Amino acid sequence: MAKARAARSRPSRGAAGRRLLGVGGLGVAAAAYVGVDYLRYLSPTWHERLQPALWAALALAAAARAPFYRHWSAELRAALPFLGSITFMLGAFLCEAISVRFVSAVMGLQWHRSAAPLPDTGQWLLLSLNEKLPQSVVDLLRAHVITLHHYLMLFIMLGFSVLFDCIKAPGLGIATRYMFTMAIGRLLRTITFVATLLPSARPWCAAARYQIPEHPHPWAQKYYVPYASDSDAIRRVIRDDVAYSAVQSYPGEYRPDWGRMSFLVDILRPTPGDGPSWYHLLKKASGGCNDLMYSGHMLVAVLTAMAWTEAYGGWISVAIWLLVLHSAQREIRERHHYTVDCVVAIYVGVLLWRMTRFIWSARDASRTRRLAKLDEVQNRLIHAAKDSDVDEIRGLLKEVELAGQEKQGVSQRAILAFAAATIMFTLSCVVLALTLTSDG
């Protein structure tokens, strides 16, 4: 009896990992990552020392835990949807990049210089608060505490925490949901900002960032420019529903030979200085210079916060939401976006994450299967208890336990090879995320 009690009280390796990171440890690691990275502004010397040490510690902890992870078979089953979501997300990003270049180039540089920013009451509010709040609070609101790549890294840390049983397996499942939701959000964003062109809150942006024609696109020359400021012309085009005005004389459009991709010439409006490749031109699309409704940075932040809230919870999720609000006011304060862009990004991100729960959920599916099996054998279990049939009771309880276990069906060698490939692939994604996402 004493041995059995001791066996029950002895923590398993998985329980030890959960106790290490589950009771606040993962939150401390996330806070340490953000805090150490912010040292680049406070103490660059300490930042150079502590950041590599923290990254190495996190990578070594994940690599050391990986051989003892019990759910590699579940990760293997989630691999194909994971790769599919990556492909879908990359396609969405390509569509967005093409559209960003289009809305930036379609009106030409003259329009960007002359178009006044829209009135934004959120920007007015923040400027008025600067006059009323203590300077220390204003400095905190202005501080670059967290940026886009921090949110991506926080999600990657959350995904890796599955190795320590901090969140429900499979880790590739929550990654699939995150990327699929991100792709849907990016496509909806693309449709939104292409539908109506909004002037940037930074009128000098296009001239500083792009080499685009001075004059508007032929479509805008025919359908927008003649009716842009004359109220009588606008009234007539509304009444007749026909573009009646003659097009003025404009320089011809530059048309490089892009082979099969030449259909993009009318959309991207290249100039001779952009080089011969359409792909090279797209790499310079960056975050765009029109106001792009809604904010892509805020979408990433909200999806990260939603993932942490559902999968892990606790004080760190509250802290991440506070950082999301800090990021939103800084986007508005620095005029990267209007207030409406951040507001829309927040509720769109929340709703999209709720909508994609079918891909991965924090609910324990194995527990649900065990309860269903228990309901199925309940009557047999009662009869066996009445008959004092211990062997029957043991057999039925074994069936309930097996109902909650994952089916293997794959050799241990294949699982180990998959585990090693997954760790290497994900660490490579971390490096790419940190090096390629600084501009959105």
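Worth pointing out:
- Packing-based exposure ordering (other Cβ within 10 Å, fewest first) of His337, His144, His326, His150: His144, His326, His150, His337
- Restricting the range 36-91 to trypsin sites (Lys or Arg not before Pro) in coil, as DSSP defines it, with at most 14 other Cβ within 10 Å: Arg70
- Over the range 234-371, Cα pairs under 8 Å with separation of 6+ residues give a relative contact order of 21 percent.
- Backbone N under 12 Å from the Tyr250 label point (7 Å along Cα→Cβ), restricted to the range 222-237: 222-227
- Amide N of the range 171-197 lying under 20 Å from the label point, which is placed 7 angstrom from the Cα of Cys95 along Cα→Cβ: 176-197
- Spin-label pair Ile267/Ala421, simplified geometry with 7 Å Cα→Cβ offset, distance in nm: 3.3
- As a rough footprinting exposure proxy, the listed residues His71, His336 were ranked by other beta carbons within 10 Å of their own, and the order from fewest upward is His71, His336.
- 3J(HN,Hα) from dihedral phi, the range 49-58, Karplus parametrisation 6.51/-1.76/1.60, rounded to Hz, x for glycine, proline: 7, 7, 4, x, 5, 5, 4, 5, 5, 5
- The amide H of Leu198, built 1.01 Å from its N in the peptide plane, has Asp291 as neighbours under 5 Å, considering only residues 5 or more places off or on other chains.
- Loop-resident trypsin sites (Lys or Arg not before Pro) (DSSP state other than H, G, I, E or B) in the range 237-287 with no more than 15 further Cβ atoms inside 10 Å of their Cβ: Lys284.
- Calculated FRET efficiency for the pair Arg49/Val138, C-beta based, R₀ 41 Å, to 0.05: 0.85
- Across the range 130-146, rounded Karplus estimates of 3J(HN,Hα) from the backbone phi angles (6.51 cos²θ - 1.76 cosθ + 1.60, θ = phi - 60°) give 4, 7, 10, 7, x, 4, 5, 5, 4, 4, 5, 5, 7, 5, 8, 5, 9 Hz, Gly and Pro being marked x.
- Cα centroid separation, the range 75-115 to the range 124-153 (Å): 28
- Gain upon complete extension [Gln211, Ser361; 0.36 nm per residue less C-alpha separation]: 49.4 nm
- Full extension of the segment from Tyr41 to Asp232, taken as 0.36 nm per residue of separation minus the current Cα-Cα distance, would add 63.2 nm.
- Other residues within the sphere of radius under 15 Å centred on the Cβ of Tyr294, judged by their own Cβ, net out at -3 (K and R +1, D and E -1).
- Rounded to whole numbers, the Karplus 3J(HN,Hα) couplings from phi for the range 26-33 are 5, x, 5, 4, 5, 5, 5, 4 Hz, using 6.51 cos²θ - 1.76 cosθ + 1.60 with θ = phi - 60°, and x at Gly and Pro.
No value in this document is a laboratory result; all are computed from the given coordinates. Everything numeric here is computed off the predicted structure, so don't read it as measured data. When we count neighbours, we look across all protein chains shown, and the Cβ atoms used for this are built from the backbone with ideal geometry, even at glycine.
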